[in-house]
1. Looking at (1) open to solvent by 30 Å² or more (accessible area, probe 1.4 Å); (2) of a type outside the set (Val, Ile, Thr); (3) not in a helix (DSSP H, G or I), find the lone condition where residue 491 falls short.
2. Among the residues of the range 347-364 satisfying the criterion of being modelled with pLDDT of 85 or more and open to solvent by less than 20 Å² (accessible area, probe 1.4 Å), which is farthest from residue 337 (Cα to Cα)?
3. With a cut-off of at least 2 residues that are open to solvent by less than 20 Å² (accessible area, probe 1.4 Å) and closer than 20 Å to residue 506 by Cα, name the helices (runs of 4 or more DSSP H) lying wholly within the range 421-480.
4. When you check residue 178 against the structure, is it over 33 Å from the mean Cα position of the chain (by Cα) and either at pLDDT below 90 or buried (at least 18 other Cβ atoms within 10 Å of the Cβ) (or both), yes or no?
5. Could you tell me whether the range 352-366 includes any residue that is farther than 15 Å from residue 297 by Cβ and among the hydrophobic types (A, V, I, L, M, F, W, C)?
6. Against the conditions (1) open to solvent by 70 Å² or more (accessible area, probe 1.4 Å); (2) in a helix (DSSP H, G or I); (3) closer than 21 Å to residue 339 by Cα, where does residue 268 fall short? Just the number, please.
7. Considering only the range 125-157, state which residues are farther than 23 Å from residue 252 by Cα, open to solvent by 20 Å² or more (accessible area, probe 1.4 Å) and outside any loop (DSSP other than H, G, I, E, B).
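The values are calculated or read from the model by the stated rules, or taken from the named source; none is laboratory data. Quick caveat, the model's predicted, so the values are computed rather than measured. Cβ coordinates were reconstructed from backbone atoms using ideal geometry, including for glycine residues, and neighbour counts include every protein chain displayed. Areas reflect the complete protein model, heavy atoms only, side chains present, ligands, DNA and RNA absent. Shrake-Rupley method; radii C 1.70, N 1.55, O 1.52, S 1.80 Å.
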Amino acid sequence: MPPQGTWPGHPSGPLPSAEPTSAWPYAPARATSGWPSAPAPPAAPPARPAAPQPTAPRAAAPASPATRAAPGRRLLRPALPSFVLALIALGAVAVVVLWWKDTPPTAGLGDQLTAVGDILGLLSSYGFVILVGLMARLPPLERGVGTDRLARWHAMGGRYVITLVTGHVAFIVWGYAVSAHESVTSESISLVTTVPDVLMATVSWFLLLGIAAFSARAARRRLSYETWYYAHLYTYLAIALAFSHQFAVGPSFAGSADARIAWSALYITVGASIIWFRILTPLRKAARHQFTVASVQPEAPGIVSVYVTGRDLHRLGAEPGQFFRWRFLTRRHAWQSHPYSLSAMPRPDMMRITVKARGDHSDSMAYLRPGTRVIAEGPYGAFTPSLSGRRVVLIAGGVGITPIRAMFAALPRRMPNAITLIYRASHPRDVVFRRELDAIAADRGVSVHYVIGSREYLGYDPLESGELQGLVPGLHRYEAYVCGPPGMTEAAIASLRDAGIPRRRIHHESFDF
């Protein structure tokens, strides 16, 4: 007899009758048969769906204390990004004050150009520390700001910082050349060959330019995630090479021990955070929870679910919509971690992620062997239910259904028509979890709409504002959650805004960061 409560597709038994969770009270009933095959594509474009008719509400399960948001916890999220940005700006002001206090009066054009180069260098050095800190996986930032937003800040900030450091090089060389009455070329050679640590700083600059080239949008489209990831690791080397140069020739540090101590403390704090949260914490969790691959099951063409067993997984504190960074300890996968969302809430002994083949790493997930050990970092992400008491519309596109599916099963239903899921896919074979979603909808008395086919095939845009309002009457009163490819996400957000939903009630996550 198979063990009681095994998961869908797990080799040790049939589908369970419930999906227990640690943080949410509801456990939807599940079917007890095998996985369905993808339906055949329709022979003709389907008619536009009619507005749903009201149905008699089913009794909603009362919210337990575990589901009630702590006072102020959700209210903190909109404010926290602004607070973080204000803190970063305050640090930049402190850097300018440091430069102003320690910069001697300028006596000519050469000194003025050099002074500009000095402040650009200080700001770029500060900016690199901030960029690394944003991606240090600090839990308050990951949960309060969100990984996708942090990644956008990191990418945008990287462009500014590269511009600053390039300006620093140009103005310093120009200023020194003017003061020495030399050409820019000869002064560049002199600086590199005679001034302490400038050669290392020059190597650092070229490394950063190379990393910026790899990160450009046109290059990213042609690079695998793995290539981009390994190129980014050189950022740490570039920062290390440039650090001593700041103390050797920086006028703000040459005569101030306090400035050197404070600057070193900033670098040490960020470096220690990287070591603690990106290395030691994942290793500690792996030892405690013993993450191990149990099985890999196909869901759709190019999409698989990976079942990971472990101990006391409910103690991880994961919420619907969050993700982990997964490092599978095989020869091929052990050198890097990748972010994948939970496609169901963790049980005390098992988690599930669902992955679409989109690169070297995700392509090989289908070949993971049971018994493979895993290091899982997280949970991360602020794409979680706000529990505001409003009705909720969930919009998923493609494999963006993974975090949405976890929300769909876990959100408390406190009123009729409280939860509506709209699932966008290009072809019926791309639909994932259809049996699960139908079972959840039937059991909980909530709605799910499958919008399948390209706009050309359907003859209209199913995510246009009027179409969404036809599927969800009173849409302007809803809280919205959107996850899918960037183009679909942007279109859905624009339509939701046109339907009257304020931006603060539209939550989204891109899995393209």
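1. The single condition residue 491 does not satisfy is (3).
2. Step one: list which residues in the range 347-364 are modelled with pLDDT of 85 or more, which gives 347-356.
If we keep only those that are open to solvent by less than 20 Å² (accessible area, probe 1.4 Å) too, we end up with 350-355.
Numbers: 350: 20, 351: 17, 352: 16, 353: 14, 354: 15, 355: 14 Å.
Ranking the candidates gives 350 first.
3. Working: elements: 434-444, 455-458, 465-471.
Filter on the range 421-480 gives 465-471.
4. Numbers: over 33 Å from the mean Cα position of the chain (by Cα): yes; either at pLDDT below 90 or buried (at least 18 other Cβ atoms within 10 Å of the Cβ) (or both): yes.
In short, yes.
5. no
6. (3)
7. 139, 140, 141, 143, 149, 152, 153, 154, 155, 156
Conditions (1) surrounded by fewer than 18 Cβ atoms within 10 Å (Cβ to Cβ); (2) under 21 Å from residue 373 (Cα atoms); (3) touching a residue at least 60 places away in the same chain (Cβ under 8 Å); (4) under 19 Å from the mean Cα position of the chain (by Cα), marked per residue:
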residue: 232; (1), (2), (3), (4): yes, no, no, yes
residue: 242; (1), (2), (3), (4): no, no, yes, no
residue: 332; (1), (2), (3), (4): yes, yes, no, no
residue: 335; (1), (2), (3), (4): yes, yes, no, no
